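Below: one structure, written as structure tokens.
The values are calculated or read from the model by the stated rules, or taken from the named source; none is laboratory data. Predicted model only: the values in this text are computed from it and were never measured. As a convention, Cβ positions derive from the backbone with ideal geometry for all residues, glycine included, and neighbour counts pool all protein chains shown. When the accessible area is computed, the model is the full protein with side chains, heavy atoms only, and any ligands, DNA or RNA have been set aside. Shrake-Rupley method; radii C 1.70, N 1.55, O 1.52, S 1.80 Å.
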Amino acid sequence: KMTTFAKLYDEEVAMLEGTGSVAALEAATEAVIAGGLRDPEGFFHLALHLAHFGREDRAVEFLADVVDRGYFPYDTFTRNPWLDPLRHRTDFLEIVRKAEHRHQEALAAFIQAGGEALLGVESVVAER
């Protein structure tokens, strides 16, 4: 018997090859969630696929949730081409702004806690 993650992978590959269906991808996505997926990064990757294959509303729902739960890869939000279908949406742009804000807060806390010295770097801020 195929695991839910294996089924999801197969559906993603089928979509990339042009032989899959969005309905099957959505069903496999929901099966993974029903199986107990709780990791925000995992939901983020589900959202990437949903956005890329035209399920924008569900993708935005997942992305809002992952940022609220502490996963906010700002650079990925701004650069990943699979999120391009969402870039015109005001709800997505608000999620990106929130991710940027949370990223800046985390960076400031890192610097204030001496993280740069721990890593032996001169300035994380200077690199940005």
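Between Leu37 and Arg87, the contour length at 0.36 nm per residue exceeds the Cα-Cα span by 15.4 nm. The accessible surface of the chain, taken with every protein chain in place and a 1.4 Å probe, is 55 percent carbon and sulfur. Relative to the longest principal axis of the Cα atoms of the chain, the long axis of helix 56-68 lies at roughly 40 degrees. Seen against the Cα atoms of the chain and their longest principal axis, helix 22-34 is set at about 60 degrees.
Taking every DSSP helix (H) stretch of at least 4 residues in the chain, weighting each as -39,500 (n - 2.57) and dividing the sum by the residue count yields a mean residue ellipticity at 222 nm of -21500 deg cm²/dmol.
Estimated from the Cβ-Cβ distance and a Förster radius of 35 angstrom, the FRET efficiency linking Met2 and Ala113 is about 0.20. Here the calculated FRET efficiency for Val22 and His101, from their Cβ-Cβ distance with R0 = 30 Å, stands at 0.40, rounded to the nearest 0.05.
When only Cα pairs below 8 angstrom with a gap of at least 6 residues are kept, the chain shows a relative contact order of 16 percent. Calculated accessible area for segment 1-60 comes out at 54 Å² per residue, all protein chains present (probe 1.4 Å; ligands, DNA, RNA ignored).
For the pair segment 95-120 and segment 16-87, the centres of their Cα atoms are 25 angstrom apart.
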